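**Q** I'd like to ask some things about the structure below.
Each reported figure results from applying straightforward, stated rules to the coordinates on display, with no laboratory input. What you are looking at is a predicted structure, and each value in this text was computed from that prediction instead of being measured. Cβ placement follows ideal geometry from the backbone for every residue including glycine, while neighbour counts extend to all protein chains displayed.
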Amino acid sequence: MEYSREELAKALEKAKRDWEETLAKMTPEERAAAERKAQQALAEDEARRKKLLDSVAAIMGKPAPKARPNFCSHCGAPAGTGNFCEYCGERLV
Ligand SMILES: [Zn+2]
């Protein structure tokens, strides 16, 4: 279902009015509690979004680093610092 810009603006305006009416009916304590709750919900939302972004970044941006083998898979010689085995020339990475 699609809403026109006017309908959205109207709905937003109504939500704002409803919220203001609700606030007006509240005692200062209730209002403070509601604001705290809203702040908390926002903070939780932010934390969730950050967590989601972090996991997306982890999947998309940083592929798990390839573990460097300690030994040549071909001849079993200890792997040096190069990309190829110093003994048989097998590719290590
Ligand atoms: Zn080797």
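**Q** Show me, for region 4-11, the HN-Hα J-couplings you get by feeding each phi into the Karplus relation (A = 6.51, B = -1.76, C = 1.60, θ = phi - 60°), rounded to Hz, glycine and proline as x.
**A** Ordered by residue, 3J(HN,Hα) equals 6, 4, 5, 5, 5, 4, 5, 4 Hz.
**Q** Residues with amide H under 5 Å of Phe84's amide H, sequence separation 5 or more or different chain, H placed in the peptide plane at 1.01 Å from N; which?
**A** Close amide H contacts, sequence-distant or interchain: Leu92.
**Q** Please list, in order along region 79-87, the HN-Hα scalar couplings obtained from phi with the Karplus expression 6.51 cos²θ - 1.76 cosθ + 1.60 (θ = phi - 60°), rounded to whole Hz, x for Gly and Pro.
**A** Calculated HN-Hα couplings, in order: 6, x, 9, x, 7, 10, 4, 6, 9 Hz.
**Q** Which residues' amide hydrogens lie under 5 Å from the amide hydrogen of His74, considering only partners 5 or more residues apart or on another chain, with H built in the peptide plane?
**A** none
**Q** Hey, what number do you get for the chain at 222 nm if only DSSP H runs of n ≥ 4 count, each worth -39500 (n - 2.57), divided across all residues, to the nearest 500?
**A** -21000 deg cm²/dmol
**Q** Once the convex hull of the alpha carbons of region 5-60 is built, what does its volume come to per residue, in cubic angstrom?
**A** Each residue corresponds to 71 Å³ of Cα convex hull volume.
**Q** Around Thr22, with a cut-off of 10 angstrom between Cβ atoms, what is the net charge of the other residues, counting Lys and Arg +1 and Asp and Glu -1?
**A** -1
**Q** Further question on the same structure: With only Lys, Arg, Asp and Glu charged, each at its Cβ (+1 for the first two, -1 for the last two), find how big the charge dipole of the chain is about the Cα centre; round to the nearest 20 debye.
**A** Numbers: 17 positive and 16 negative charges, 66 e Å.
For this selection, approximately 320 debye.
**Q** Quick one: Karplus J couplings for region 40-46, per residue in order, coefficients 6.51, -1.76, 1.60, θ = phi - 60°, nearest Hz, x for Gly and Pro?
**A** 5, 4, 4, 5, 5, 4, 4
**Q** So for the chain, averaging the separation of alpha carbon pairs under 8 Å that are six or more residues apart and normalising by length, what relative contact order in percent results?
**A** About 13 percent, as a whole number.
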